[in-house]
Amino acid sequence: MALNLSQKKEVVAELAEVAAKAHSLVAVEYAGTTVEQMTAMRKKARETGVFLKVAKNTLASRAVAGTEYECVKDSLVGPLLYAFSKEEPGAAGRLIKEFSKSNDKLKAKVVAMGGQMYPASHVDVLASLPTLEQALGMLARALAEPAAMFARAVKAVADKQGGGEAAPAETA
């Protein structure tokens, strides 16, 4: 079914709004994907903060104009599914990587992040980025390590100076 002008404007506005806030984009060839596979992928996308949309490439090109994803405009060829990571950069990459394991028709075509376009093979790199929880855990460990080292150093100095025993209490 062809879209009328107002419907096309709605699609462009929706994609532009998502692209303006998204952390990453993966454009995927999806021809041959079954309805059941697409439904499962959409469900998982909602759960993981990924916006999925099948749109005409001309509309997607207009939508990404003026965003950091403008770099992909010339690469949008053929029927594509657009996956935008809304909450964390690696979410779209993980989603596409997971579903392409069981569906050989699903192939990443373009990966973009931070105003840079990368080849489709970078979907694995994007998928390997830590989740927000993992990144916070890594940060906490990085911050805790110097404090633990400092505490060990203070204890070692105290042990060396005082022989490691507590000073006796004074009696009056």
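The values are calculated or read from the model by the stated rules, or taken from the named source; none is laboratory data. Computed from a predicted structure; not experimentally measured. In this analysis, Cβ positions are derived from the backbone assuming ideal geometry, glycine residues included, and neighbour counts consider all displayed protein chains.
How many residues are more than 18 Å from Ala112 (Cα to Cα) and surrounded by fewer than 15 Cβ atoms within 10 Å (Cβ to Cβ) when one looks only at the stretch 43-54?
Residues meeting the conditions: 3.
Kindly indicate whether Lys43 is closer than 19 Å to Asn103 by Cα, assigned by TED's automatic domain parsing to the domain that holds His122 and among the charged types (D, E, K, R).
In short, yes.
Would a scan of the stretch 55-78 turn up a residue that is crowded, with 18+ Cβ neighbours inside 10 Å and within 10 Å of the chain's Cα centre (by Cα)?
No, that holds for no residue.
When the residues of the stretch 105-122 are narrowed to those that are surrounded by 14 or more Cβ atoms within 10 Å (Cβ to Cβ) and closer than 13 Å to Glu29 by Cα, which ends up modelled with the lowest pLDDT?
Ala120
Could you please give the count of residues in the stretch 103-127 that are farther than 22 Å from Lys73 by Cβ and either in contact (Cβ under 8 Å) with a residue 40 or more places away in the chain or of a type in the set (Phe, Trp, Tyr) (or both)?
Selection size over the stretch 103-127: 3.
Residues of the stretch 123-139 being modelled with pLDDT under 80 and part of a helix (DSSP H, G or I), which ones?
Leu132, Glu133, Gln134, Ala135, Leu136, Gly137, Met138, Leu139
Just to be sure before I move on: is Ala16 outside any strand (DSSP E or B) and touching a Gly at 6+ places or on another chain (Cβ under 9 Å) in the structure I sent?
So Ala16 fits the description; yes.
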